[in-house]
Amino acid sequence: MMNRSRRKRNGLRALAVASACSTLWLSMGVAFADDVAQGKSIATNGVAGQAPCMACHGANGEGMAAAGFPFLAGMPAAYLEAQLMDFAEGRRKQPVMEPIAKTLNAEQKKAVAAWYASLKPVINPARAVQLQQSYPKGKKGAWLAQRGDWSRGLPACVQCHGPGGIGVAPTFPALAGQSATYIKNQLLAWKTGTRAEDVHGLMAHLAGKLTDEEIESVSTYFGNDIGAATASVTSAQTPAKAGGQQ
Ligand code: HEC
Ligand code: HEC
C-alpha cells in the first residue's frame, strides 16, 4: 500500500501536470480568440486605407455572387491564409486582392482567416449532398463533378472537394454555392497561369485538361445547381460546419 506522503507527492505531480495542460489549452484558446477578434476588426474596418473586407465579401462573409466576390464564411482558415499569401506574393495574380493582401502582415492574414473560418458556412452541407444525389448524373457538369473522366486521367471533383463540393478542411475549399462566374474564372486562371500556386499543382493540372465547354458546365453545376443549397441556410436549421475551421 502506498504511504501517505508518496500518495500526496503523486497527487501533487498529477495536479501540476493537469494545471500545466490546462494553462496550455487556455493560452491556445486565448490566442485563437485574439486572432478572431483582430480578424473581425480587420474585416470590419480594413487596414491601411484599404476598403474593409466586408465591403466586398459581405457583412457575414457571404460574398456577392453577382459581382464575382467569393464567400469566405466557414472556409478552412489554412486555405484562406494561403490564398492571402498567394495574392501578396504574386502567385495568384488578381488586381483587386493583390494590393489588399500586400498591406496585411503575416499576423493579420492569420487573424482575418481565423475570423472568416469561424463564421457560419454559407452552404448547408447536408442539403448540398442531397442535391448531388438527386441531380441527373447524365448532365455533363454533374458527370465530371461526380465521376470525372478516367480515360483522360480526370478524377471526380468531389473526390477532393467532398461530397456535394462542400469542401474538406484544411486544404480543399468548398465549391458548392460559390458563383458559377467565380468558379469559371478560377478554372480559367489556372488554365492561363494567372493562378499558379496550389497544393502540388493539382488544379493547374486538372484545369488544363478541361475544355471551355466543360469549364462552363461544371461551374454551372457547382454554382447554380448544387449551389441552390445556399438558400436553405437562411432557414431555421443550423447547418454543421462545411469546410470546418483549422
Ligand atoms: C474591393 C473588393 C474587395 C475587397 C475590399 C476585399 N476583397 Fe477579397 N476578393 C475580392 C475579389 C474580386 C476576389 C476574387 C479574386 C479572383 O477572382 O481570383 C477576392 C478573393 C478573396 C479571397 C480568395 C477566396 C477563395 O475562395 O479563394 C480571399 C481569402 C479574400 N478575398 C480575402 C479578403 C480579405 C481578408 C479582405 C480584407 C482585408 C478582402 N478580401 C477584401 C474582392 C475584394
Ligand atoms: C486531386 C484533388 C482535386 C480535384 C480532383 C479537384 N480539385 Fe479543385 N482544388 C484542389 C485544391 C488542392 C484546391 C486549392 C488550391 C489552392 O490552394 O490554391 C482546389 C481549388 C479549386 C477551386 C478554387 C476555389 C476557390 O475558392 O477559389 C476551384 C474553383 C476548383 N478547385 C474546382 C474544381 C473542379 C471544377 C474540379 C473537377 C473538375 C476540381 N476542382 C477537382 C484539388 C482538387
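The values are calculated or read from the model by the stated rules, or taken from the named source; none is laboratory data. A quick note: this is a predicted structure, and the numbers were derived from the prediction, not measured. Positions of Cβ are generated from backbone atoms using ideal geometry, with glycine treated the same way; all protein chains shown enter the neighbour counts.
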What number of residues within the stretch 155-176 are under 17 Å from E62 (Cα atoms) and either over 10 Å from the mean Cα position of the chain (by Cα) or away from ligand 1 (no atom under 12 Å from the Cβ) (or both)?
3
Given the options D86, D35, name the one that is near ligand 1 (Cβ under 10 Å from one of its atoms), touching a residue at least 60 places away in the same chain (Cβ under 8 Å) and assigned to a helix (DSSP H, G or I).
D86
Test: residue in the stretch 51-74 that is modelled with pLDDT of 95 or more, part of a helix (DSSP H, G or I) and more than 16 Å from ligand 2 (Cβ to nearest atom)
yes
Could you tell me whether any residue of the stretch 98-117 is out of contact with any helix residue (DSSP H, G or I) (no Cβ under 9 Å at 6 or more places or on another chain), without any contact (Cβ under 8 Å) to a residue 60 or more places away in the chain and not in a helix (DSSP H, G or I)?
yes
Only one of (1) among the aliphatic types (A, V, I, L, M); (2) more than 16 Å from ligand 2 (Cβ to nearest atom); (3) under 15 Å from G165 (Cα atoms) does not apply to A111, and that is (3)
Hits in the stretch 116-154 - residues which are within 15 Å of ligand 2 (Cβ to nearest atom), surrounded by fewer than 16 Cβ atoms within 10 Å (Cβ to Cβ) and within 24 Å of the chain's Cα centre (by Cα):
R147
Among (1) of a type outside the set (A, V, I, L, M); (2) in contact with a Phe, Trp or Tyr (Cβ under 6 Å, 6 or more places away or on another chain); (3) farther than 19 Å from Y116 by Cα; (4) at pLDDT 95 or above, where does C157 come up short?
(2)
Determine if the stretch 54-71 includes at least one residue that is among the aromatic types (F, W, Y), within 13 Å of ligand 1 (Cβ to nearest atom) and over 23 Å from F222 (Cα atoms).
no
Name the single residue that is nearest to ligand 1 (Cβ to nearest atom) among those in the stretch 94-132 being under 18 Å from E81 (Cβ atoms) and among the basic types (K, R).
K109
Filter result (near ligand 1 (Cβ under 10 Å from one of its atoms), surrounded by fewer than 17 Cβ atoms within 10 Å (Cβ to Cβ) and under 20 Å from S217 (Cα atoms)) within the stretch 189-202
none
